[in-house]
Amino acid sequence: MIRSFETLARIPLFGDLPLADVQRLDSQCIWRRAKTGEYILDYNDGGAELYFVVLGKVRVKIQAISGKESILRDIRDGEFFGELAAIDGGPRSASIVAVTDSTVAKMPPGVFREIVHRRPEVCDRVLALLASQVRMLANRVNEFSTLDVRGRIHAELLRLARPERGGADRVISPPPTHAELAARVSCQREAVTRELGALVRSGLIERRRGAIALLDSARLAGGIEKSTQ
């Protein structure tokens, strides 16, 4: 039985489609619920389906042969993943794990390509997403090649922060663990612990219940330029 929230009407990519088109797409998807910590896809998996996150949050991760894990980004409800395999049929380029209990819709690649070819507005949004991902990866490569660990931590804090509702600060809520932040910037957890402590003492960040507040984002950003390797 399809539940009321199991609809692609919740996905901005299809925001301009007529309801009948969305309902047809709903019926062509396989709906799945993933528990927190459950892997939805693994690196190098086969299959070319596209996945839409209707509820919850999932994480994109890669793991080196040494076993060291890196976090690339989080994907929230309303977003999607697996578009590369849906386009070129290649193996999965990363692993996807549920950060929270999540509901996802698995769409066959033929269905995805048909709607992209038939609806220019959907095509434009997919192209915009791909362009943004290329820019994001280029920025990350630049950070890893030019910034020291301190600069990479500062850059990631700024990337994760969002404006505080009704306040002047930017906050990260919920805050990542020190291990998660280390996996995002490719360093040891101890380095994250030391740097966050230094930022608290310098008045640049503040630990709050369920959040990290960035008290001076401009000053934090300005310090990145001084953190080249």
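Residue pairs whose Cβ atoms lie under 8 Å apart, sitting 6 or more positions apart in sequence or on different chains, and linking a residue in the range 15-32 that is closer than 13 Å to Arg118 by Cβ to a partner that is among the aromatic types (Phe, Trp, Tyr), are Asp21/Phe14; Leu25/Phe14. Residues considered: Arg140, Arg150, Arg194, Arg219. Of these, the only one that is assigned to a helix (DSSP H, G or I), among the charged types (D, E, K, R) and closer than 30 Å to Leu84 by Cβ is Arg140. Among the residues of the range 181-213, those that are surrounded by fewer than 17 Cβ atoms within 10 Å (Cβ to Cβ) and under 25 Å from Thr146 (Cβ atoms) comprise Ser186, Gln188, Arg189, Glu190, Thr193, Arg194, Gly197, Ala198, Ser202. Among the residues making up the range 65-111, those that are of a type in the set (D, E, K, R) and either within 11 Å of the chain's Cα centre (by Cα) or not in a helix (DSSP H, G or I) (or both) are Lys68, Glu69, Arg73, Asp74, Arg76, Asp77, Glu79, Arg92, Asp101, Lys106.
Reported count of residues in the range 150-169, each being of a type outside the set (Lys, Arg) and modelled with pLDDT of 90 or more, is 9. Within the range 144-156, can one find any residue that is β-branched (Val, Ile, Thr), in contact (Cβ under 8 Å) with a residue 60 or more places away in the chain and surrounded by 19 or more Cβ atoms within 10 Å (Cβ to Cβ)? Scanning the range 144-156, I find no residue that is β-branched (Val, Ile, Thr), in contact (Cβ under 8 Å) with a residue 60 or more places away in the chain and surrounded by 19 or more Cβ atoms within 10 Å (Cβ to Cβ), so the answer is no. At least 2 residues being surrounded by fewer than 17 Cβ atoms within 10 Å (Cβ to Cβ) and out of contact with any His (no Cβ under 7 Å at 6 or more places or on another chain) is the threshold, and among the strands (runs of 3 or more DSSP E) wholly inside the range 1-55 those reaching it are 30-34. Quick check on Pro120: is it touching a Phe, Trp or Tyr at 6+ places or on another chain (Cβ under 9 Å), free of Cβ contacts under 8 Å to residues at least 60 places away in the same chain, more than 22 Å from Phe5 (Cα to Cα) and not assigned by TED's automatic domain parsing to the domain that holds Glu156? For Pro120, the condition - touching a Phe, Trp or Tyr at 6+ places or on another chain (Cβ under 9 Å), free of Cβ contacts under 8 Å to residues at least 60 places away in the same chain, more than 22 Å from Phe5 (Cα to Cα) and not assigned by TED's automatic domain parsing to the domain that holds Glu156 - is not met. Condition check for Val54 on (1) more than 22 Å from Val116 (Cα to Cα); (2) at pLDDT 95 or above; (3) of a type outside the set (S, T, N, Q): one failure, at (1).
All of (1) over 28 Å from Pro120 (Cα atoms); (2) surrounded by fewer than 18 Cβ atoms within 10 Å (Cβ to Cβ); (3) small (Gly, Ala, Ser); (4) touching a residue at least 40 places away in the same chain (Cβ under 8 Å) hold for Gly89 with one exception: (1). If only residues of the range 163-191 that are in a loop (DSSP other than H, G, I, E, B) and farther than 27 Å from Glu69 by Cα are counted, the one that is nearest to the chain's Cα centre (by Cα) is Glu164. Reported count of residues in the range 114-143, each being crowded, with 16+ Cβ neighbours inside 10 Å, touching a helix residue (DSSP H, G or I) at 6+ places or on another chain (Cβ under 7 Å) and within 20 Å of Leu13 (Cα to Cα), is 5.
Only one of the numbered conditions (1) of a type in the set (A, V, I, L, M, F, W, C); (2) at pLDDT below 95; (3) out of contact with any Phe, Trp or Tyr (no Cβ under 7 Å at 6 or more places or on another chain) is violated by Ala98, and that is (2).
The values are calculated or read from the model by the stated rules, or taken from the named source; none is laboratory data. All values reported here derive from a predicted model rather than from experimental measurement. Note that we place each Cβ from the backbone using ideal geometry, even for glycine, and neighbour counts take in every protein chain shown.
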